[in-house]
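Report on the structure given below.
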Amino acid sequence: MSIIAAILVLGAIVFFHELGHFLAAKLFGVGVLEFSIGMGPRILSIVFRNTRYSLKLLPLGGSCAMLGEDSAGSGDFLCASGTESGDGILDYEGVRFREAELLRRSFRNRPNWQRFVICIAGVFHNFLLAFLLAIVVCHFSGFDKPIMLGTEAEAPAAGMIQEGDLLRTISYDGKHERRIRSFRDLYIYLYLHSGEFTKDTRVSIGYERAGNAGLGSAVFAPYYDGASGRYRLGISFYSGRVRAANVPELLEDACYELLYNVRVVFDSLQLLVHGRVERNELMGPVGTVSVIGSTVEASSRYGLFNAFLVLLELSVMLSANLGVMNLLPIPALDGGRLLFILLEMLTRRRLDPKIEERINQVGMALLLLLMLLLLSNDIFNVLTGAYKNII
C-alpha cells in the first residue's frame, strides 16, 4: 500500500503541474490537443470539449500538448500535425480545428507575455501546491524553529547566548552569510561549510531574543569536538517542532517550509557539482517511489495519521523540487522555453521555430538519456538495498 501511495503522490504532483499549463492555455484560448497523466500507451482516453484527456500506462510524468507547440515541448512525442478531414477541418486524433482557427488558437502565435504565463504556470502550481500542503503539515506538526538551548561548557560561544534565543543568520570569516529560519537550514549550512572551519575561523551569528527589538549578534571561534575530530558550533538546539500560535505565524512557517525545500535543491546541486553526493543519494522516479514507500511504511508504526503527515511533508519537498528543476534553463523544460521567450522580449526578434524545435528535441533526447541512467541507478540501488540506508 505504501508503494501505491507513493505512486499516487507523484501522479498528483505531476497532475497539478500540468494543470497549471492547461488552465493558462485555456484562459488565453490556446487549443489543447491532449491533457494526459502518465507516459506511454493510453489506458483510458476521452475527447471532451475538443481536448483529449488521457490516462497512460506508466504512472510517472504527464503532458499538456498544445496546438502549435513542438513535439519535444509537449513532454510526450505526439503527432505534430493534423489530418485533413474535409471541409477545411484538421483532425488531431479526434480533436478537430478549422483551418481558420489554427493561427488564432496556436500557442506559437500567442503574444510573448501569454506564452510566458502559460510556460511558468506549471511551476507556479507546484509552488502553490507545496505551500498549501506546508500549511497542513505546519498546523499539525509544527515547525523546527532554530531555538538555541545552551552551549558546551568549554565552547567559545559559552555565555554569549541565552536559552530560547532564535538563530537568524550565520556566516564565517565574513563570507557565506545565510538567513536561518529552521534547524534544517542550519544543518544543511553546516554540512556544506563546517569542513572549512579551523581554530582561526570566526563564526558570526545573529539572533532574536525575547523582549528585545532587532537582532543581537555574537562572534566566536568554533568548538573542536575531540570525539569526532571536527569543529562544531558548540551550541545545542531544541530538537522538536513548535506549533504556530496564530494564523499569521502559521502562514509564515509554511512560507519558510517552502523556501527551505527550494533552497535545498540548489544546495544539492552544489554538492553534486563538488562530487559530494553518493550513488545511493541519486534518485530517479523509481528510487523516489521506493524511498517514499519505505519512509511511509516506517512512519506508519506510529499511527496512520503520522504516516499521512510524513507523506504530506514528502509531497511538499517533491512539489517544490519539481518546480525548481523545471525552472532550470534546460531545453525542453519550462525554464528553457522561458529563456527563449525572454530573449524574444529583449531582442524583439523571433527565433526560427525550426531551430527552436531542434534545440528542444536535443534537450528532450538528453533528458531521456538522463532518465535511463537514473533508472539503471534506481534498479541497482533497489536490488542492493542501498536506498534503505538513507531512510
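The values are calculated or read from the model by the stated rules, or taken from the named source; none is laboratory data. Since the model is a prediction, treat every value here as computed from it, not as a measurement. Positions of Cβ are backbone-derived with ideal geometry, glycine not excepted, and every protein chain shown enters the neighbour counts. Accessible surface is based on the protein model in full, side chains and every heavy atom, while ligands, DNA and RNA are left aside. Shrake-Rupley method; radii C 1.70, N 1.55, O 1.52, S 1.80 Å.
How large a share of the accessible area of the range 228-277, in percent, is made up of carbon and sulfur atoms when the probe is 1.4 Å and the other protein chains stay in place?
60 percent
Residues of the range 216-263: accessible area per residue at 1.4 Å, in Å²?
Values: 2560 Å² over 48 residues.
Counting only protein heavy atoms, the per-residue value for the range 216-263 is 53 Å².
Amide H to amide H, which residues 5 or more places from Met66 or on other chains are under 5 Å from it, using H placed in the peptide plane?
Those qualifying (amide H under 5 Å, at least 5 residues apart or on another chain) are Leu33.
If you count, for each residue, the other Cβ atoms within 10 Å and average over each peptide, how do 348-360, 253-265 line up from highest to lowest?
253-265, 348-360
With every protein chain kept in place and ligands, DNA and RNA left out, what is the accessible area per residue of the range 123-209? Probe 1.4 Å, answer in Å².
Using a 1.4 Å probe on heavy atoms only, each residue of the range 123-209 averages 46 Å².
May I ask you to compute the full-extension gain from Thr169 to Ala12, defined as 0.36 nm times their residue separation minus their alpha-carbon distance, rounded to one decimal in nm?
Additional length available on full extension: 52.9 nm.
Hey, any idea what % of the range 111-213's accessible area is carbon plus sulfur with a 1.4 Å probe?
Ligands and nucleic acids excluded, carbon and sulfur reach 57 percent.
Can you tell me the length gained on complete extension of the stretch Ser106 to Arg350, counting 0.36 nm per residue apart and subtracting the Cα distance?
Stretched fully, the Ser106-Arg350 segment lengthens by 86.3 nm.
How many percent of all Cα-Cα pairs in the range 141-182 sit more than 17 Å apart?
Value for the range 141-182: 45 percent of Cα pairs lie more than 17 Å apart.
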